[in-house]
Amino acid sequence: MNMFLIGVLVGAACFAIMYLVMIISKIHAGMIYLHQSMDAITKAVNLSLMKLSKIEKVTDNTMTAAENFVDALRESAEQMMMRPPNIKRVGDNEQFDDLRKAFDEGIRQMEEDDEEEGEEPEDRWKK
């Protein structure tokens with residue numbers, strides 16, 4: 001009878017060890033899957049951050065160029081206003097005023113169109 005009990009205990013211990021090895025194997029496979037997933041997520045986040053950084057640089061450069069253009073336009077307008085009154089160029093003031101008015105009207109029209117449309121579509125610049 002003692003041999004039977006010892007056999008049952010040894011068999012149960014072997015079964016428990018085999019079951020434990022299977023559980024540890026499944027946990028190991030799950031951890032490998034998690035590690036691969038985290039690597040993929042890390043690469044995607046890094047790529048996204050690089051793209052955002054590039055977009056930010058392009059935006060900054062565009063804003064700087066726009067500011068420089070506006071400054072140059074303002075300086076040009078000031079120089080046109082400072083020229084001596086006895087030198088009259090043909091239609092300078094009228095052309096500049098017409099251009100400025102047309103520009104202002106175009107901006108107002110765009111603002112009115114945006115207000116009428118409500119929300120601006122995300123891919124409007126692609127059109």
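The values are calculated or read from the model by the stated rules, or taken from the named source; none is laboratory data. Because the structure is predicted, anything quoted here is derived from the model rather than measured. Virtual Cβ from ideal backbone geometry, glycine too; neighbours counted across all protein chains shown.
Has segment 39-56 got any residue that is closer than 30 Å to Phe103 by Cβ and surrounded by 10 or more Cβ atoms within 10 Å (Cβ to Cβ)? Checked against the condition, which is being closer than 30 Å to Phe103 by Cβ and surrounded by 10 or more Cβ atoms within 10 Å (Cβ to Cβ), segment 39-56 yields at least one hit. How about segment 39-83: which of its residues are aliphatic (A, V, I, L, M) and more than 16 Å from the chain's Cα centre (by Cα)? Ala40, Ile41, Met63, Ala65, Ala66, Val70, Ala72, Leu73, Ala77, Met80, Met81, Met82 - these are the residues of segment 39-83 that are aliphatic (A, V, I, L, M) and more than 16 Å from the chain's Cα centre (by Cα).
Yes/no per residue for (1) at pLDDT below 70; (2) charged (D, E, K, R); (3) out of contact with any Pro (no Cβ under 7 Å at 6 or more places or on another chain):
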| residue | (1), (2), (3) |
| --- | --- |
| Gln79 | no, no, yes |
| Lys88 | yes, yes, yes |
| Gly91 | yes, no, yes |
| Glu94 | yes, yes, yes |
| Asp97 | yes, yes, yes |
| Glu105 | no, yes, yes |
| Gln109 | no, no, yes |
| Asp113 | no, yes, yes |
| Glu116 | yes, yes, yes |
